[in-house]
Amino acid sequence: MTTTPRDISGASEKAAVLVEALPWIQKFAGTTMVIKYGGNAMISDELRAAFVEDMVFLHHCGIHPVVVHGGGPQINTMLDRLEIESEFRGGLRVTTEETMEVVRMVLTGQVGRQLVGLINSHGTYAVGLSGEDADLFEAHRTQHVVNGEPVDLGLVGDVVNVNTGAITDLIENGRIPVVSSVAPEFDEETGQPTGQVLNVNADTAAAELAGALGASKLVVLTDVEGLYGNWPDPESLITSISADALRGMLDELQSGMIPKMRACLSAVEAGVPQAHIVDGRQAHSMLLEIFTTAGVGTQVTP
């Protein structure tokens, strides 16, 4: 018989983490969480793999994750490869019909399929769809104003209605929906589809979906630690903020954070109890935000 001394200090730490997570797992089991997937988590192989593990972990905790993704870097790469020049008006990209074909191809045919494949490497979990499927999203064209002047950005839209049936059907069948952020256009006057497809912001689409599903959380992955009270001072990281306080800060935020914080605010205003900004550059940061007392990002509450 052979005996070997054991060092269980590491195992004890892991057990402590699991015990700390237990109340949160009990609280959120059976609920739906909408996660907006983007930033470095989308383009780094290591972070992509960690994100997929997080989704499978949530699933096995009895939580229903719904993933909404964009794909700005991948779209830019494909436009460059096809030598399609981008037009900008007021600093904002115009989406032409030619560009929209690339957007649909990249989001639905590349980014979404890749994520579905990675999740399904762990089991038969994920199903990919876009905002076009079963008219999941209905959108109107975005009316942008720059320096007081209206700016036509082409085929860019805002989600104005969500038909959740396709998502709830997948959840009820034990699947993880993976949604790409394009949407059919509906005429504002008649309410009928125009036959056109619009590019919609993934942050705001995720917020609209979270509200429509009655999600317990919206989690937005980004490339910063969270919301800074005094950008870029890391000591000014805000760990929790109320909707009223955030509303008063919006106009002062750096431009890249505005759509993400607007999305969090919109979700909370639609009845989602908590919305989170989480640093997608750190593997498993989302789990730390959800399942630990301290958290790691910024939480927005009503």
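The values are calculated or read from the model by the stated rules, or taken from the named source; none is laboratory data. Note that this is a predicted model, so its numbers are computed, not measured. Glycine also receives a Cβ, built like all others from the backbone with ideal geometry; neighbour counts cover every protein chain displayed.
Observations
- Residues (surrounded by fewer than 16 Cβ atoms within 10 Å (Cβ to Cβ) and either touching a helix residue (DSSP H, G or I) at 6+ places or on another chain (Cβ under 7 Å) or under 28 Å from Thr31 (Cα atoms) (or both)) located in the range 134-159: Ala134
- Filtering the range 65-76 to residues that are of a type in the set (A, V, I, L, M, F, W, C) and either at pLDDT below 90 or closer than 30 Å to Ala29 by Cβ (or both) leaves Val66, Val67, Val68.
- Qualifying residues in the range 176-200 (those that are over 21 Å from Gly72 (Cα atoms) and in contact with a His (Cβ under 9 Å, 6 or more places away or on another chain)) - the one surrounded by the fewest Cβ atoms within 10 Å (Cβ to Cβ): Glu188
- For the range 213-254, a residue qualifies if it is polar (S, T, N, Q), under 19 Å from Asn201 (Cα atoms) and buried (at least 17 other Cβ atoms within 10 Å of the Cβ), and exactly one does: Thr222.
- Search result, residues across the range 77-97 that are modelled with pLDDT of 90 or more and either part of a helix (DSSP H, G or I) or closer than 30 Å to Asn147 by Cα (or both): Thr77, Met78, Leu79, Asp80, Arg81, Ile84, Thr95, Thr96, Glu97
- The range 253-299, residues that are within 13 Å of Ser240 (Cβ to Cβ), touching a residue at least 60 places away in the same chain (Cβ under 8 Å) and not charged (D, E, K, R): Ala275, Thr293, Val296, Gly297, Thr298, Gln299
- Listed by position, the strands (runs of 3 or more DSSP E) inside the range 141-259 whose residues that are modelled with pLDDT of 95 or more number at least 2 are 156-162, 176-180, 182-186, 193-200, 217-222.
- From the list Val67, Val102, Val56, the one residue that fits, being in contact (Cβ under 8 Å) with a residue 24 or more places away in the chain and more than 23 Å from Val220 (Cα to Cα), is Val102.
Let's see how each residue does on (1) under 30 Å from Ala183 (Cβ atoms); (2) touching a helix residue (DSSP H, G or I) at 6+ places or on another chain (Cβ under 6 Å); (3) surrounded by 21 or more Cβ atoms within 10 Å (Cβ to Cβ):
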{"position": "Ala16", "(1), (2), (3)": "no, no, no"}
{"position": "Ala29", "(1), (2), (3)": "no, no, no"}
{"position": "Phe57", "(1), (2), (3)": "yes, no, no"}
{"position": "Pro65", "(1), (2), (3)": "yes, yes, yes"}
{"position": "Glu85", "(1), (2), (3)": "yes, no, no"}
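- For beta carbons closer than 7 Å, sequence separation of 6+ or different chains, a first residue in the range 143-170 that is free of Cβ contacts under 8 Å to residues at least 12 places away in the same chain and a second that is of a type in the set (S, T, N, Q) and not in a strand (DSSP E or B), the qualifying pairs are Pro150/Gln143.
- Residue list for the range 107-122, restricted to those being in contact with a helix residue (DSSP H, G or I) (Cβ under 7 Å, 6 or more places away or on another chain), closer than 28 Å to Gly62 by Cβ and surrounded by fewer than 18 Cβ atoms within 10 Å (Cβ to Cβ): His122
- Given (1) part of a helix (DSSP H, G or I); (2) over 30 Å from Glu172 (Cβ atoms); (3) modelled with pLDDT under 85, index of the condition Glu46 fails: (3)
- Enumeration of residues in the range 17-37 that are out of contact with any strand residue (DSSP E or B) (no Cβ under 6 Å at 6 or more places or on another chain) and not β-branched (Val, Ile, Thr): Leu18, Glu20, Ala21, Leu22, Pro23, Trp24, Gln26, Lys27, Phe28, Ala29, Gly30
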